[in-house]
Amino acid sequence: MAFTFSRMRAAFAALALGLSVAGCGYNTIPTAEENAKAKWADVQNQYQRRADLIPNLVATVQGYAKQEKDVLTSVIEARSKATSVKIDASQLTDPEKVKQFQDAQNQLSGALGRLIAVSEAYPDLKSNQNFLALQSQLEGTENRIAVARRDYVGAVRDYNLTLSTFPSLIWAKTIFSGNKPMATFTASEGADKPPQVKF
Amino acid sequence: MVGLAILRDAPSALLRMRIRFFGRALKARGPFAVVLAAALALFATLAFAFDFPALTGRVVDQANIIPAATRSQIEAKLASLEDKSGIQLVVATVSSLQDSDIETFSVDLARAWKLGEAKKNNGLLLLVAPNERKVRIEVGYGLEGTMTDALTKVIIQSAIVPKFRSGDYAGGVDAGVDAIIDALTVDSAEWQKKVEGARRAAARSHRPDSALRHFPAVRLHRHLDDPQCARADGPMGAARQPDDLHPLSPSSWSGGGAAGAAARAAAIPAFQAAAAISAAAAPRGDW
């Protein structure tokens with residue numbers, strides 16, 4: 001009887017220890033890390049979705065505006081460059097890599113913006129059903145990218161906070177000492193200013 | 001712009017304040033205060049930056065643009081949609097977008113309200129901001145395949161905006177709800193054809209509102225006479241409480257769907273140029 005009682009006590013002690021370790025934020029670091037990685041996957045998926053729309057868009061515009069060769073080629077080039085820069089989840093702690101990814105995607109955004117802007121000059125193109133559908137898909141995808149980026153930034157902030165705040169800080173300094181803060185997006189130049197339009 | 005900056009800075013300022021408090025409390029009260037402050041800081045990051053109206057039913061008319069009669073009609077349609085398909089569509093009108101763009105506002109609102117079933121992510125939000133002249137259909141991740149970006153744009157442009165332009169907000173919302181329900185319940189390819197046919201007819205006759213005549217608005221009114229629907233309109237239907245609305249995990253709103261005519265004018269610098277150009281040609285709002 002005494003034996004089982006002590007065994008029960010040991011079991012309770014193990015349970016209590018487990019709960020208190022979990023309560024002390026042992027789990028928060030891996031949880032936040034996986035969450036941030038998942039959010040990064042969303043970011044990449046949405047950028048990929050945009051890249052997938054581009055060949056179709058370029059083909060449609062080409063049918064109406066062949067003379068805009070420069071803009072069309074710059075979109076194609078920016079797309080192939082952007083799709084070649086991929087980051088797997090383990091490279092998120094490298095700010096250089098994240099910046100490379102962001103720069104490549106920004107370049108594509110710029111080229112796409114110019115493509116949409118020049119297409120304004122072609123009334124037939126603007127009323128083409130296929131073009132309208134692609135344009136709204138592109139708009140929707142840009143929205144999704146913005147949301148995915150915002151979610152990723154939030155998840156990274158939460159994760160980085162677990163590495164630098166008590167009580168998870170204890171685990172960050174010991175068991176998870178290999179974990180480094182993740183890099184996030186930097187505001188691109190001029191993003192906070194309204195655009196200048198020159199005619 | 002100043003208001004926007006304050007709004008954006010508010011959460012981080014709150015965070016800084018709490019962390020400072022955390023520093024002072026550390027000396028004063030020991031680890032307990034630290035844990036408390038960390039919990040508070042975490043809570044601050046989870047909170048939404050906007051002041052949202054409460055989810056009081058299927059139609060939340062904060063801007064007060066839908067008369068009671070139309071409102072109960074719309075609510076009955078929304079209830080019948082959920083009974084049949086499980087899809088939860090909520091209509092919201094807001095008096096202000098609180099200095100934000102409608103894309104950010106609507107995705108945050110849909111997340112805050114947790115529309116749709118958590119496993120299926122089948123929520124939809126039709127958001128109207130009459131003061132900013134903006135309208136948007138926010139689509140839950142599970143419905144993005146059916147309610148595509150192109151489709152939301154077609155619905156906004158052909159069903160909603162023409163009525164809004166003539167000042168008929170209630171009619172525009174009603175027509176929009178009809179169109180959304182139709183697109184969800186009828187085979188979408190068939191529906192798309194119908195819309196394109198209507199558009200071509202409109203282009204031929206050069207009357208922008210003739211597209212509406214082809215809109216299958218009659219289909220849904222039939223459900224109002226349906227005994228099924230009368231039951232839904234009873235204790236459960238008309239004034240559904242928030243706890244009846246199934247919770248949805250916040251991440252399943254990915255922010256897709258096109259908003260009205262103007263391109264997204266925030267966050268993406270390259271798109272700002274294109275948006276500004278189209279904004280120069282057209283009025284700022286969607287109608």
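The values are calculated or read from the model by the stated rules, or taken from the named source; none is laboratory data. Since the structure is predicted, the reported quantities are computational estimates derived from the model, not experimental observations. Cβ: placed from backbone, ideal geometry, glycine included. Neighbour counts: every protein chain shown.
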**Report entry** Any chance B:LEU143 is closer than 15 Å to B:VAL91 by Cα and of a type outside the set (Ser, Thr, Tyr)
**Finding:** no
**Report entry** One residue from B:LEU125, B:LEU151, B:LEU81 being touching a strand residue (DSSP E or B) at 6+ places or on another chain (Cβ under 7 Å), closer than 21 Å to A:GLU139 by Cβ and not polar (S, T, N, Q)
**Finding:** B:LEU125
Report task. Kindly provide the set of residues from region A:85-104 that are away from chain B (no Cβ under 14 Å), of a type in the set (Asp, Glu) and assigned to a helix (DSSP H, G or I), ordered by number. Result -> A:GLU96
Requested in this report: Being assigned by TED's automatic domain parsing to the domain that holds B:ASP182 and either surrounded by fewer than 24 Cβ atoms within 10 Å (Cβ to Cβ) or within 30 Å of A:PHE131 (Cα to Cα) (or both) narrows it down to one of B:VAL94, B:VAL128, so name that one.
Outcome: B:VAL128
Query raised in the report: Can A:THR73 be described as of a type in the set (Val, Ile, Thr), away from chain B (no Cβ under 14 Å) and free of Cβ contacts under 8 Å to residues at least 24 places away in the same chain?
Result: yes
Report task. Scan (1) buried (at least 18 other Cβ atoms within 10 Å of the Cβ); (2) at pLDDT 85 or above; (3) not polar (S, T, N, Q) for the single condition A:TRP171 breaks and write down its number. Result -> (2)
Requested in this report: Go through region B:83-97 residue by residue and tally those that are free of Cβ contacts under 8 Å to residues at least 60 places away in the same chain and either over 24 Å from B:LYS119 (Cβ atoms) or part of a helix (DSSP H, G or I) (or both).
Outcome: 4
Query raised in the report: Has region A:105-114 got at least one residue that is within 9 Å of chain B (Cβ to nearest Cβ) and not in a helix (DSSP H, G or I)?
Result: no
**Report entry** Complete set of residues in region A:72-91 that are more than 15 Å from A:GLY110 (Cα to Cα) and in contact with a Gly (Cβ under 9 Å, 6 or more places away or on another chain)
**Finding:** none
Report summary line: When A:GLY178 is run through (1) assigned to a loop (DSSP other than H, G, I, E, B); (2) at pLDDT 80 or above; (3) of a type in the set (Gly, Ala, Ser), the failure sits at (2)
